[in-house]
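Q: What follows is a structure written as structure tokens; I'll ask about it next.
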């Protein structure tokens, strides 16, 4: 929720000379995206997003992220398209940061998603999984089991400051998940962060998916479990079964789940809740107050974890 | 530099039904403006800025600010124009805040203004003074002498934390300025905050003035002195005489200064530097770390104050 690096008009004009996008009309830093600096740019040819990659992003991952966006767009997924420079590259440099210019997608993200939005996002996620299946690059999920362990090692000692008893709760999650984590489910490119602020709608129609900077190779059903966490709980942290039913039905209308995927849903949802609880907890404990990085309260995901621990059948999520 | 209040898509759509601006395509919170929440809105008819007025803005002042923008635009000044609602009003409500929709001005603000930009802003400021002369509403300057005293009462005791000896320095500024402040110079509507981030350029051409939320009635030459402070010092806080010369010449090419205004320039520049030093000092000492409000280091203006104290003739600013 911040612009970490500002860009001067001279730097921007020099950067834009590398592209065939007309002349600059205006640019505004926007309060979206938690990892990078983003500007909404108007030029004589249209609107674009200029993204400056900050230190949390590994430059070696940029070809995967930007290549994936191009791959998906070619397959008909509505997502931002990196603009090629005159020299053919998609990654340039501005204000000392690696940077890319991407097309601007109209649409607004839903602060209050409805059942209909949940169905649409389910369909779009399945479409993304199918479209990404033949993407040739590979990126391991840095926030999989071993990544969680590192975050937990860095926060366990102070976990009680956030919630009494949290250390013991989470220790047992690690034991249970290590024993139950499924090894052989269908896998491929996943979005890994398909929260409401990364999905745009125009009216009831889904107009695009954005922010592929956590995309990686992992289990498809894990990505779906993340959407259950991100879309189907209400502000009071209660699970909305109608939304879960719609999300899962939407997904299965495009890519039906195998029985093994269905059976794994509770453990995957618990693992996904653990992943988001841990990144939030770690940031909560380690990022100083007053830093530009937005810190999210981990409690929301502590509550989701407790919910998933009690699930005994995937039908409790609304699976038909 | 923040969005204090977010707006949901449903709230925004309901708000926009009061206007004749087509249907919403997208809206992004933008990291500009230090007092209010601002969104860049795309609709089927074009781009707009949606401003939500936060608690630092007195609702009673909104008719002055928005009426002034309309008045100036009618007089040919390039500034944002409040869009009228279907019921004729320009102020509505969204997300529990008073809000206005204003036209979007293309252009970028200059992070590194040149001499040519300084000349253009001088001309534009004089044009604004002339165009505002027959604006019928009146708003006293809340950040004039008495306002400074209140800020100083609220920060004097801790001023040494920011700079040793600052309390004594500023005490003598108050004595000197009270004795020397000019009473009878030409006055009228001033912008009062015409910093580089409030002036847009397209190439070398000034494309517009924004952010009239400090506008008020006060001395024209005081407004010009504020521009000297805001535009003609370098990053190392050295005064750039060439820029000063250009700014003053640009201003006088549209509205020549009287001899009394010229003679008052050093004391006005010192007063203006005191005003910005005091607001920054007060915020620096009272706003908690981690708050969304951007805190600016008061040292920049402590240095300007010291510069102005030594000025013996307005010719030292570049006055012909």
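Where a number appears in this text, it was derived from the coordinates with a stated rule and is not lab data. Given the structure is predicted, the values throughout are model-derived calculations rather than measurements. Counting neighbours? That spans all protein chains shown, and the Cβs are built from the backbone with ideal geometry, glycine included.
Q: Modelling each spin label as a point 7 Å along the Cα-to-Cβ direction, I'd like the residue A:160/residue B:115 distance in nm, to one decimal.
A: 6.8 nm
Q: Same structure, new question: Beyond 15 Å, how much of the Cα-Cα pair distribution for region A:251-320 remains, as a whole percent?
A: Value for region A:251-320: 61 percent of Cα pairs lie more than 15 Å apart.
Q: Now a separate question. What does chain B give for Rg and for Dmax, in Å, if only its C-alpha atoms count?
A: Cα-based Rg and Dmax for chain B come out at 19.9, 60 Å.
Q: Projected area of region B:9-104, taken from the Cα convex hull and averaged over every viewing direction, in nm²? If you can, show how the numbers build up before the last one.
A: On the way: hull surface 24.2 nm².
In nm², the orientation-averaged hull projection of region B:9-104 is 6.1.
Q: Another question, then. With only alpha-carbon atoms in the gyration tensor, what are the semi-axes of the equivalent ellipsoid for region A:77-145, in Å, largest first? Mind showing how you got there, number by number?
A: Details: eigenvalues 157, 70, 40 Å².
After diagonalising the Cα gyration tensor, the semi-axes are 28, 19, 14 Å.
Q: Taking a label point 7 Å from Cα toward Cβ, how far is residue A:140 from its twins in the other copies, in nm, shortest first?
A: Residue A:140 label point versus its equivalents elsewhere: 6.9 nm.
Q: Shortest first and in nm to one decimal, what separations exist between residue B:204 and its copies in the other chains, measuring from label points 7 Å along the Cα-to-beta-carbon line?
A: Residue B:204 label point versus its equivalents elsewhere: 5.6 nm.
Q: Tell me the mean residue ellipticity at 222 nm calculated for chain B from its helices only (DSSP H runs of n ≥ 4, each -39500 (n - 2.57), averaged over every residue, nearest 500).
A: Details: 10 runs with 132 residues, N = 320.
Mean residue ellipticity at 222 nm (helix-derived): -13000 deg cm²/dmol.
Q: Nearest 10 degrees, 0 to 90: what angle lies between the long axis of helix B:62-74 and the longest principal axis of chain B (Cα atoms)?
A: For B:62-74 against chain B, the angle is about 90 degrees.
Q: Quick one: compute the contact order of chain A, relative version, from alpha carbon pairs under 8 angstrom and 6+ residues apart, as a percent.
A: 18 percent
Q: Tell me, in nm to one decimal, what length is gained between residue B:253 and residue B:23 on full extension, where the rule is 0.36 nm per residue of separation less the Cα-Cα distance?
A: 78.4 nm
Q: Please give the helix B:166-180 orientation as an angle from the longest Cα principal axis of chain B, in degrees from 0 to 90, rounded to the nearest 10.
A: 90 degrees
Q: Something else about it: Quick one: with label points 7 Å out along Cα→Cβ, list the inter-copy distances for residue A:106 in nm, shortest first?
A: Sorted ascending, the copy-to-copy spacings read 1.7 nm.
Q: Could you let me know the centre-to-centre spacing of region A:205-273 and region B:1-32, using Cα atoms, in angstrom?
A: 28 Å
Q: While we're looking at this one, here's another question. Kirkwood Rh, Cα Rg: Rg to Rh for region B:182-320?
A: A ratio of 0.97.
Q: Please check: in the Gaussian network model of chain B (C-alpha springs, under 10 Å), which one of B:35, B:70, B:106 has the largest mean-square fluctuation.
A: Among B:35, B:70, B:106, the largest mean-square fluctuation in the Gaussian network model of chain B belongs to B:106.
Q: Kirkwood hydrodynamic radius for region A:15-61: how many Å is it when counted over pairs of different Cα atoms?
A: 11.8 Å
Q: For region B:36-171, just say rounded, prolate or oblate: build the C-alpha gyration tensor, square-root its eigenvalues into a ≥ b ≥ c, call rounded for a/c under 1.5, and beyond that prolate if a/b exceeds b/c, oblate if not. Working shown, then result.
A: Numbers: a/c = 1.86, a/b = 1.51, b/c = 1.24.
Prolate, because a/c is 1.5 or more and a/b exceeds b/c.
Q: Would you work out the relative contact order for region B:82-150, in percent, from Cα pairs under 8 angstrom that are 6 or more residues apart? Write out the running numbers ahead of the final one.
A: Working: 20 pairs, mean separation 12.2, N = 69.
Here the relative contact order equals 18 percent.
Q: Oh, and also: Could you tell me whether the protein assembly as shown comes out rounded, prolate or oblate from its Cα gyration tensor? Rule is a ≥ b ≥ c as square roots of the eigenvalues, rounded for a/c under 1.5, then prolate if a/b exceeds b/c, otherwise oblate.
A: Values: a/c = 2.23, a/b = 1.92, b/c = 1.16.
Prolate, because a/c is 1.5 or more and a/b exceeds b/c.
Q: A further question on this structure: Need one number: the % of Cα-Cα pairs in region A:111-180 sitting beyond the 19 Å mark.
A: When every Cα pair of region A:111-180 is considered, 61 percent fall beyond 19 Å.
Q: Pairing the Cα long axis of helix A:259-286 with the longest principal axis of chain A, what angle in degrees results, from 0 to 90 and rounded to the nearest 10?
A: 60 degrees
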